[in-house]
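Have a look at the structure below before the remarks.
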Amino acid sequence: MCRSHHLVPTCFVIGALALVPVIVAAATSPEKEASTKIVDLAPFTHVTYIPVEADLSSIKFEGIHAVKVATKERSVTNLHYCDERLTTEPGGSMYCPLITLESAVPTYKVAYTFTAPPMASDEYGNTSFTFSVYFSPDDISPRLRQALLSGKVSRAEASRYFRISASRNSARQVMVDEAKSTFCDGDYIEGYWSHANPNCQDHIIYKNVASASPYMTVKVDAVPARQPANVVATTFPAN
């Protein structure tokens, strides 16, 4: 999700591009003590997440642009260099590993704006945000692609080729089951919890609890070319 100052975004992003944790190549060079890993990216998810407090009725189509996105991520770790950095830099080096994006492909970036309460950390109290999703050219209506190439399509007309849906899913959390757990008596001594009976042991049982997610899942679908543009509707399903 991106903050917009006069619609010029500076971003904190919640899931525009997805990282698929599948290693498609990995190699280690004994001579250079370097490990290389290549991971597939999934840029065409069409899904993003916005705070549940966001005003869904404020979501507004901002535009569509032809861009390129990476489909692979290469990370190279120089084991000797990184080990040395750990001894001199407590947080390690920003180059451990060295990450580069590769295999860029043509795509369409579709951007929206919306309003939501300001972030607690934002001293300016901005309430305007943006999010973007990415489509493969094959996912876009040929009619829209042609209009974009000619430069003869308005923002309102382009917006009709996309449908938005939003839903709030549940999130599972692990919590202590206090009804089934037993705890030893004790007290804090010099800041540390100490059992009154040294031989007593806590018996803690955990349980999974479903609670409402703090985020709305927003999905943007491209309208098939066979459908008239004027039948596209923006819907926000109930929770």
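Among the residues of the range 146-179, the one identified as surrounded by fewer than 10 Cβ atoms within 10 Å (Cβ to Cβ) and either touching a Pro at 6+ places or on another chain (Cβ under 8 Å) or among the β-branched types (Val, Ile, Thr) (or both) is VAL174. Considering (1) more than 23 Å from the chain's Cα centre (by Cα); (2) over 23 Å from ASP221 (Cα atoms), the lone condition that THR127 does not fulfil carries the number (1). Within the range 171-185, residues that are aliphatic (A, V, I, L, M) sit with their Cβ atoms under 9 Å from residues that are part of a loop (DSSP other than H, G, I, E, B), at 6+ positions apart or across chains, in these pairs: ALA171/SER213; ALA171/PRO214; VAL176/ILE204; VAL176/ILE205; ALA179/ILE205. Criterion applied to SER103, SER58, SER29 was being hydroxyl-bearing (Ser, Thr, Tyr), at pLDDT below 90 and surrounded by fewer than 16 Cβ atoms within 10 Å (Cβ to Cβ), and the one residue passing it is SER29. Do we find that ASP187 is surrounded by 11 or more Cβ atoms within 10 Å (Cβ to Cβ) and farther than 30 Å from THR107 by Cα in this structure? No: the conditions fail for ASP187. Inspect all residues belonging to the range 134-147 and state whether any of them is within 23 Å of PRO214 (Cα to Cα), within 20 Å of the chain's Cα centre (by Cα) and not in a loop (DSSP other than H, G, I, E, B). No, the conditions are met nowhere in the range 134-147.
Mind counting the residues in the range 58-89 that are free of Cβ contacts under 8 Å to residues at least 12 places away in the same chain and of a type outside the set (Asp, Glu)? Outline the logic, then answer.
Taking the range 58-89 as the starting set, the residues that turn out to be free of Cβ contacts under 8 Å to residues at least 12 places away in the same chain are 83-89.
The next check asks that each one be of a type outside the set (Asp, Glu); those that pass are 85-88.
The number of residues fulfilling the criteria is 4.
Taking PRO198 as the residue in question, decide whether it is loosely packed, with under 10 Cβ neighbours inside 10 Å and within 29 Å of the chain's Cα centre (by Cα). No. Scanning the range 151-177 for residues being more than 20 Å from THR113 (Cβ to Cβ) and at pLDDT 90 or above gives a total of 1.
The values are calculated or read from the model by the stated rules, or taken from the named source; none is laboratory data. Note that the structure is a prediction, hence the values are computed from the model and not measured. Neighbour counts are summed over all protein chains in view; Cβ atoms, including those assigned to glycine, are modelled from backbone coordinates with ideal geometry.
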